[in-house]
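Please read the structure below before turning to the comments.
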Amino acid sequence: MKDGGESKDQQLTVALRVRPINETELVEGATIIAHKVNEQMVVLMDPMEDPDDILRANRSREKSYVFDVAFDYTATQETVYRLTTKGLIEGVISGYNATVFAYGPTGCGKTYTMLGTDREPGIYIRTLNDLFKAIEETSDDMEYEVSMCYMEIYNEMIRDLLNPSLGFLDLREDSKGIIQVAGITEVSTINAKEIMQLLMKGNKQRTQEPTAANKTSSRSHAILQVTVRQKSRVKNITQEVRVGRLFMIDLAGSERASQTQNRGQRMKEGAHINRSLLALGNCINALSERGGNKYVNYRDSKLTRLLKDSLGGNSRTVMIAHISPASSAFEESRNTLSYADRAKNIKTRVKRNLLNVSYHIAQYTSIIADLRNEIHRLKEKIDEQGLMQMRTEKSDIRNIQAEVQLHTLPYDRYEMDQLREQLIRAFREQMDIRRQLMELESNHMEIQMETSRHFLIIADWEQEKNRRIRKWRDELRRESYVKEDSEKDSDTGDDQSDIVEPPEVTLARENIYALVGDQSRLRRQKVIIKV
């Protein structure tokens, strides 16, 4: 993998979504304390404030927060998706990494935003739909491979949601510093329907249990990773592959045991959830420091290790914070808003992921076969278009003939026959030009293949020649050490002339010269035909 051009700093995008107040909170006597002021600002009021308390008159805990975008209970799933995530898709298919994660206390609508319902799908479904649409629009020029894996972190253990029978999996860090989940199931597909079915299958495996605070509380962090590999359909000696990764994460919510009334296993789960979210909060605090020199401890939890690139590495990242508007959730809402406000200061370094693949001569037969398949595909496409054009033009000829018969009754038969012959002759000339152009395109593609093959022969010879020169230099240097001849000249300026170029390389150079001439001739013919 190599750097695809200069990397650039990018601010982490932070959005806030305030869910509607629910019936339970209203029954408990809670009031609304979180108010959206405009498209970016939210005000959180302190429910314990007494307007008649003179001593605390200047110590109000009411505070306003400004984010990249703010949503209240009126925002639709489509609006949230469009303003937070949709803009990441073009980057992902072009080789950039992106992350979207939902953050906030339990019962504030994180899973609704990410997964949604059958009637109101969330970010997962909408993103995958638009991703495959974008791939389909550019699939004529580019070839794509899409793969996905789906996992959850439950009690600090990683579980494969597509294949739970694998048990708990370990994290590994490769030589490039990229965190990988060892043994995770990665399913390749270019079918949107198939990937949706896999997503639904994984969602059924996710750990959910009711608590006093949330009847469908997610007891784990769910992470969906989609990898898109893009390469040109035109094969060459070296091929550039763009690899983009999209992470979509539904975090479990932070919770207080007194609020959730958890006991036993539920309390243990809550402790693990809070521990990993505390580690995430510590990372956010460290990364948001203005100096940027503070040590960031990603190793405190498996969640932060997986989010290392998303928070401080190579990724365009969107954080969607969620809060309840109820006065009973004031402390949780204030903490969430504080962390989200700090996250605005985080910067990631974004760069395109490019993989350069060089083919050896032994693989060239495969490349030639791929090129021939591509020529065959293009010819079929041209034939289809030609048939459609023929049908249209035949229909046009009949219409013209009918018009002529209708409006030229006074004219004699001879003039009508002449007109018909002219139309047919023009149509045949047009089809002949189309056939010539198609043959020229085919010849041009074959010349390109031949030219690439000869270039490869020359490149292999140049590599062999350099290897021999290096060997000759090493032997000369060893002889000079043995003889202790200080006057021996180790300059190898003349050593290249001793290496005779093989006849096939000389022939390849001559063929390239001839093929370049053929290409120029074909281009001139093409211009003449089109004129």
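Return the pair list, or none, for Cβ contacts closer than 7 Å from residues in the stretch 254-283 that are more than 19 Å from Gly109 (Cα to Cα) and at pLDDT 75 or above to residues that are open to solvent by 10 Å² or more (accessible area, probe 1.4 Å) and β-branched (Val, Ile, Thr), at least 6 apart or on different chains. What qualifies is Cys283/Val296.
For the stretch 77-101: of the residues being small (Gly, Ala, Ser) and outside any helix (DSSP H, G or I), which is farthest from Arg245 (Cα to Cα)? Here the residue is Ser94.
Taking every residue in the stretch 155-182 that is assigned by TED's automatic domain parsing to the domain that holds Arg299 and of a type in the set (Phe, Trp, Tyr) and pairing it with any residue that is at pLDDT below 90 and part of a strand (DSSP E or B), at least 6 positions away or on another chain, the pairs with Cβ-Cβ distances below 9 Å are Phe168/Tyr154. Taken over the stretch 101-127, the criterion of being over 23 Å from the mean Cα position of the chain (by Cα), of a type in the set (Gly, Ala, Ser) and open to solvent by 10 Å² or more (accessible area, probe 1.4 Å) is satisfied by Gly107, Gly109.
For the stretch 78-97, state whether one or more residues are touching a strand residue (DSSP E or B) at 6+ places or on another chain (Cβ under 9 Å), of a type in the set (S, T, N, Q), modelled with pLDDT of 90 or more and farther than 27 Å from Asp9 by Cβ. So far as the stretch 78-97 goes, yes, one or more of its residues are touching a strand residue (DSSP E or B) at 6+ places or on another chain (Cβ under 9 Å), of a type in the set (S, T, N, Q), modelled with pLDDT of 90 or more and farther than 27 Å from Asp9 by Cβ.
Against the test of being modelled with pLDDT of 90 or more, basic (Lys, Arg) and closer than 23 Å to Arg275 by Cβ, the options Arg219, Arg159 yield a single qualifying residue, Arg159.
Residues of the stretch 70-85 that are over 18 Å from Leu128 (Cβ atoms) and of a type in the set (D, E, K, R): Asp72 alone. In the set (1) of a type in the set (Gly, Ala, Ser); (2) surrounded by 23 or more Cβ atoms within 10 Å (Cβ to Cβ); (3) modelled with pLDDT of 90 or more, Ser327 fails one condition alone, (2). Restricting to the stretch 101-154, name every residue that is touching an Asp or Glu at 6+ places or on another chain (Cβ under 8 Å) and among the charged types (D, E, K, R). Once the filter is applied, which keeps residues that are touching an Asp or Glu at 6+ places or on another chain (Cβ under 8 Å) and among the charged types (D, E, K, R), the stretch 101-154 yields Lys110, Arg126. May I ask you to verify whether Val318 is modelled with pLDDT under 90, hydrophobic (A, V, I, L, M, F, W, C) and not assigned by TED's automatic domain parsing to the domain that holds Asp460? Criteria not met by Val318. Among residues of the stretch 121-139 that are in contact (Cβ under 8 Å) with a residue 60 or more places away in the chain, those with a beta-carbon under 6 Å from a residue that is in a helix (DSSP H, G or I) at least six positions away or on a different chain give the pairs Ile123/Tyr81; Ile123/Met114; Tyr124/Met114; Leu128/Ile195; Leu131/Ile89; Phe132/Ala192. Condition test on Met41, is it at pLDDT below 90, within 40 Å of the chain's Cα centre (by Cα) and surrounded by 11 or more Cβ atoms within 10 Å (Cβ to Cβ)? No, not satisfied. Note on the stretch 287-315: among residues that are under 23 Å from Ile123 (Cβ atoms) and open to solvent by 50 Å² or more (accessible area, probe 1.4 Å), the one that is nearest to the chain's Cα centre (by Cα) is Asp309.
The values are calculated or read from the model by the stated rules, or taken from the named source; none is laboratory data. Keep in mind the model is a prediction, meaning the values are calculated, not measured. Quick reminder, even Gly has a Cβ in these numbers, built from the backbone with ideal geometry, and neighbours come from all protein chains shown. Just so you know, the surface numbers come from the protein's heavy atoms only, side chains and all, with ligands and any DNA or RNA stripped out. Shrake-Rupley method; radii C 1.70, N 1.55, O 1.52, S 1.80 Å.
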